[in-house]
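Read the structure below first, then the notes.
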Amino acid sequence: MKSKELSETIEINQQTPTKTILNPWQPFWAEQKEFDLKSGKYLKIWHGPQHPGVTGNMALELTLQGDVVVDCKTHVGYLHRGFEKLMERRKFIQCFPIVCRICVPEPDYNEYLFAAAVEELAGIQVPERGQWIRTLVLEMIRLASLTMGLGGQAGAFGLVPVGQWGVAHRDFILDLFEELTGGRIYHMYIIPGGVRQDFPDDEFPHRVELVLQKLEKLILDIEKLMFNNAVFKARTKGLGKIPAEWVELFGITGTNARAAGVPIDVRKDNPYLVYEQLDFEMILGSASDVYERSLLRKEEILNSINLIRQIFKKMPNKGEVRIKLPNVLHWKVPAGETYVRAETSRGEMGYYMVTDGSEYPRRVHVRGASYTHAMALLEQLAVGVSIADVAGLMVSLQTCPPEIER
Amino acid sequence: MSLKDVLSPFSAWKRTLEKPFTIKKPITEREGEDRYRGFHVNDIEKCIGCGTCEEICQNEAIDMVESYPITANKGDSGLRPQIDYGRCCWCALCVDVCPTGSLGMSNDYIWVTPNPDEWVFKPGIDEKEWKDDDKGYRRTEEAWLLDPEQEPMPVLEPEVRKNTFKEMAKGYQVTMALEEASRCLECGICIEACPTHMDIPEYIRAIRENRLEDGLKILYDTNPFSESCGRVCTARCQDVCVLGHNGEPIAIRWLKRYITDNTYEKRNEILGIGKPLPESDKKIVIIGGGPSGLTAAFYLRNYGYQITIYEKHDKLGGMLRYGIPEYRLPKEVLDREIKTILDTGVEVKYKVEVGKDVSLKELQETYDAVFISVGAQKGTEMPIEGMDTLGVLIGVDFLDRIAEGERPDLGEKVIVVGGGNTAMDVCRSSVRLGAKEVQVLYRRTEQEMPANDEEIEEAKEEGVKFEFLTSPVKISRKGDKLQVECIRMKLGEPDSSGRRRPVAIEGSNYVIEADTCVMAIGQKVDSEMAQQANIKTTRWGTFDIDPTTLQTNVKNVFAGGDCGFGPDDAIRAIADGKKAAYFINKFLTKKGEPLID
């Protein structure tokens, strides 16, 4: 590859949006680039839908010049299961077991948001202890997801031990979930009205604490192996920079936005459950590259550990965990519409729900955080990146194809 | 790049010396947690096959299937869940909704089979490695999705109702009815238990959807006495209601009443009564205008036949009028309901007693078909000394007199003998007639009492005293008081009805003093007319009929209700009336062909 051409392509990547580009009829991300594939200069390959670096089933159609990506098109639809449509034909209680399947690593957010939307429309107030347990569950699953995600991030750059540690430690958290909810991956625990059951016994917080300590120890090792690693630094620093201006333009949320220095966190901006009563700071970065995002996620793990400890300290010891619903087989929710949102490890997730007073939701729309990250944004970020770094870049955005397609 | 960054990753080597996270034998070394949701278990003795699990399963993984050796029974559909693990998502909603609490999930961690057919099985019936009592997910009180409490019926306070024959239950308000109707699981177990097989889930659904007119039509499909039944039915449906297993059953009777209470003004219009019916030249006579006879009249009239009812009294209604006191079934309600039946165009001959004023033989020859529904009107007398003493009354006659408007003076203390619903009506009527002390004597214990629990409870609220395991042996008069000599009983071996037979304890006689003593120990059928047409009767005096078709040995004569099967409740009589209408129609339209295919 001639270095001049490469620098040109890199310039495309580095261009920042200006007022002319913001013309909604001709946005820069919709520009079609033409490549003469017959010239022999370019090579088109598919990255996915089956690829270990693609977190789920999603394809990137890459045009390469040498081993540098000059064009990227994202293709989704391989994992479409039609959850939103399925919900329209299911009674409210019957939606409860399927929503969690919208996201494998963090199913509980779907359960929570679905329940919260129904509760808001039906005017149900969840008992206090139920709210605390919900918060606990959400933080625990954030922890599990981030731990595995950090491992995935390292694994995508060839640092497999971190991946193994991450998955193993996630399993310790899943053990806790098995105790609390009866399920390991899909918990089906946060039900409209509260949570299904209280803690299995009084020793449960103690067992959680043991796992938290294991994780703290793990983070020390990960710092040595991953963040103080010359190779990892060399490959990730400066890779996949997201300009702060893009955050609003692309609808970027979560760690991806915070790594660019933009303070967005639903837990702070629009506190739900008991987050107002918890003491924590928003974690902000500035470099906005893959390294920065990984670093922030490590900090988020430590933050979650802190939050879980706070929850056990502050939650009421006794009380109802759920209120009785009317007969769920004929449960009618009054007509209305609502949008509820929560901060997942990947960013803002939201449920928009419309009801018409019948036993079925009229329309449910799920806003997955990955929807904006993995489709339009990735197309822009991948340009100018070496083919070997595409998987790592994708993981750094924490894309989750199931929530793109719902 | 610093040297530290180059060397630091090598620290990971220290982990090679650590114990691995994984365990070698996960099945033996690590058991599933208590709440783990593994494969299903089902206590098939507890399960009644209501199919609520099938209803709630959003994956349609559960099918209710016939399962040897389980057979259908009262309150049991005979079906059991079969689960397809290709569809199951282990959400355990089926467990959390299970009304009986039979369904659960084992904590079996890993089970696998190469045979795909084995992934579809009936838990509890098909042998599996895990057992019912193994650990695993079970329904807890806090996770139960159903509401075990019935919406209470507003009733008059005991102190108020003691002094009046005014109707006691006030009826559901809209919100109460909706609340109660929403508890229904639509399993349909009740349909089978109801003698006339009313489509209960369907009319409860009509209430939920506020389609009361449709609800009324559904009621009249099977029961033209829905308004009365909504008040006084013995509600066998509620006895088997699936919610009754771990809570209170649906108040089916009150919901039925709710429909009729809110539609009676427009009843004829809704049901289209008065519109031309198909006309047939065949004539049918019905003897006895009680619930059974009138029901038969209603349905036969709708088939188009000319109906004549012969009634002994000057009013229709039979036992509903003369056997049930005003506070449970106001006469006004009964009258308007009978009017609906008569409005279809039924002719009635009052004050004619078949057998005396007109012979059965004559009717049988003049009409195309005869339905006998004379009921069991004669009260049974106890074979003891002193039955003819002044102050000793027979239960049904007593109620009859009250129904006619009499308000006899019973004195201060009344003794009622018997444990059935008639005894309850008698004792509660006595309270309303001003008796200071009412005592019920029953020869078995409260457990064996055939009266409805609700009636017993309400009688207690009204101050009625119960004396169990006792029976009168002799009644005499001393001055202006009755001397009722009783003997204590104990329970012996179970008899043919499954209840334990009471046995007298020798020498335990004692005497109770009272002003009045009412015998409510049962009724008999008066079937003297049978001889006139050579109809066979049984040794209990009932007509000898085919239990399915209700046909007697004389082909065009049918009999049903209390006079066909012995004294029973109103709904049984109504069911017989409906059945008789069906078979009489079949008999008249398909002459010569057998009635049962």
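The values are calculated or read from the model by the stated rules, or taken from the named source; none is laboratory data. Computed from a predicted structure; not experimentally measured. Glycine gets a Cβ as well: all are built from the backbone with ideal geometry, and neighbour counts include every protein chain shown.
Okay, here's what the table says:
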{"quantity": "Candidates A:92, A:83 - the one that is more than 18 Å from the chain's Cα centre (by Cα) and within 14 Å of chain B (Cβ to nearest Cβ)", "calculated": "A:92"}
{"quantity": "Count - residues of the stretch A:374-384 that are part of a loop (DSSP other than H, G, I, E, B) and surrounded by fewer than 24 Cβ atoms within 10 Å (Cβ to Cβ)", "calculated": "2"}
{"quantity": "Among (1) over 17 Å from residue B:340 (Cα atoms); (2) part of a loop (DSSP other than H, G, I, E, B), the one test that residue B:289 misses", "calculated": "(1)"}
{"quantity": "Test: residue in the stretch B:107-116 that is buried (at least 18 other Cβ atoms within 10 Å of the Cβ) and either in a loop (DSSP other than H, G, I, E, B) or facing chain A (nearest Cβ under 10 Å) (or both)", "calculated": "yes"}
{"quantity": "Complete set of residues in the stretch A:187-203 that are more than 29 Å from residue A:120 (Cβ to Cβ) and more than 9 Å from chain B (Cβ to nearest Cβ)", "calculated": "A:201, A:202, A:203"}
{"quantity": "Every pair of residues 6+ apart whose Cβ atoms lie under 6 Å, when the first sits in the stretch A:38-52 and is among the β-branched types (Val, Ile, Thr) while the second is surrounded by 12 or more Cβ atoms within 10 Å (Cβ to Cβ)", "calculated": "A:45/A:62"}
{"quantity": "Residue match in the stretch A:359-373 (condition: at pLDDT 90 or above and assigned to a loop (DSSP other than H, G, I, E, B))", "calculated": "yes"}
{"quantity": "Subset tally (residues that are surrounded by 15 or more Cβ atoms within 10 Å (Cβ to Cβ) and within 14 Å of another protein chain (Cβ to nearest Cβ)) for the stretch A:327-344", "calculated": "7"}
{"quantity": "Residue in the stretch A:102-111 that is modelled with pLDDT under 85, away from every other protein chain (no Cβ under 14 Å) and crowded, with 22+ Cβ neighbours inside 10 Å present", "calculated": "no"}
{"quantity": "Among (1) in the same structural domain as residue B:514 (by TED's automatic domain parsing); (2) assigned to a helix (DSSP H, G or I), the one test that residue B:414 misses", "calculated": "(2)"}
{"quantity": "Qualifying residue in the stretch A:289-301 (condition: touching a strand residue (DSSP E or B) at 6+ places or on another chain (Cβ under 7 Å) and without any contact (Cβ under 8 Å) to a residue 40 or more places away in the chain)", "calculated": "no"}
{"quantity": "Given (1) assigned to a helix (DSSP H, G or I); (2) surrounded by fewer than 21 Cβ atoms within 10 Å (Cβ to Cβ); (3) touching a Gly at 6+ places or on another chain (Cβ under 9 Å), number of the condition residue B:163 does not satisfy", "calculated": "(1)"}
{"quantity": "Answer from B:294, B:277, B:219, B:316 - the residue that is surrounded by fewer than 20 Cβ atoms within 10 Å (Cβ to Cβ) and within 21 Å of residue B:343 (Cβ to Cβ)", "calculated": "B:277"}
{"quantity": "Only listed residue being among the hydrophobic types (A, V, I, L, M, F, W, C), buried (at least 19 other Cβ atoms within 10 Å of the Cβ), touching a residue at least 24 places away in the same chain (Cβ under 8 Å) and assigned by TED's automatic domain parsing to the domain that holds residue A:264, chosen from A:308, A:323", "calculated": "A:308"}
{"quantity": "Number of positions in the stretch A:32-72 that are among the β-branched types (Val, Ile, Thr) and assigned to a loop (DSSP other than H, G, I, E, B)", "calculated": "2"}
{"quantity": "Qualifying residue in the stretch A:353-360 (condition: closer than 30 Å to residue A:206 by Cβ and away from chain B (no Cβ under 14 Å))", "calculated": "no"}
{"quantity": "Residue under evaluation residue A:347, criteria (1) more than 14 Å from chain B (Cβ to nearest Cβ); (2) at negative phi; (3) crowded, with 20+ Cβ neighbours inside 10 Å; (4) touching a helix residue (DSSP H, G or I) at 6+ places or on another chain (Cβ under 8 Å), criterion not met", "calculated": "(2)"}
{"quantity": "Any pair with Cβ under 9 angstrom, 6 or more apart, that starts in the stretch B:121-135 at a residue that is of a type in the set (Gly, Ala, Ser) and ends at one that is in a loop (DSSP other than H, G, I, E, B)", "calculated": "B:124/B:43; B:124/B:44; B:124/B:45; B:124/B:47; B:124/B:67; B:124/B:102; B:124/B:132"}
{"quantity": "Some residue of the stretch B:535-554 being buried (at least 24 other Cβ atoms within 10 Å of the Cβ), under 25 Å from residue B:195 (Cβ atoms) and within 23 Å of the chain's Cα centre (by Cα)", "calculated": "yes"}
{"quantity": "Residue under evaluation residue B:177, criteria (1) in contact (Cβ under 8 Å) with a residue 40 or more places away in the chain; (2) part of a loop (DSSP other than H, G, I, E, B); (3) closer than 18 Å to residue B:204 by Cβ, criterion not met", "calculated": "(2)"}
{"quantity": "Residue list for the stretch B:555-568, filter: crowded, with 21+ Cβ neighbours inside 10 Å and assigned to a loop (DSSP other than H, G, I, E, B)", "calculated": "B:560, B:561, B:567"}
{"quantity": "The stretch B:333-364, subset part of a loop (DSSP other than H, G, I, E, B) and without any contact (Cβ under 8 Å) to a residue 40 or more places away in the chain, residue surrounded by the most Cβ atoms within 10 Å (Cβ to Cβ)", "calculated": "B:350"}
{"quantity": "Residue identified as outside the structural domain of residue B:248 (by TED's automatic domain parsing) and more than 25 Å from residue B:383 (Cα to Cα) among B:465, B:436", "calculated": "B:436"}
{"quantity": "Hits in the stretch A:112-129 - residues which are within 14 Å of chain B (Cβ to nearest Cβ), surrounded by fewer than 24 Cβ atoms within 10 Å (Cβ to Cβ) and assigned to a helix (DSSP H, G or I)", "calculated": "A:122, A:129"}
{"quantity": "Residues that are assigned to a helix (DSSP H, G or I) and out of contact with any Phe, Trp or Tyr (no Cβ under 8 Å at 6 or more places or on another chain), drawn from the stretch B:314-332", "calculated": "B:319, B:321, B:322, B:331, B:332"}
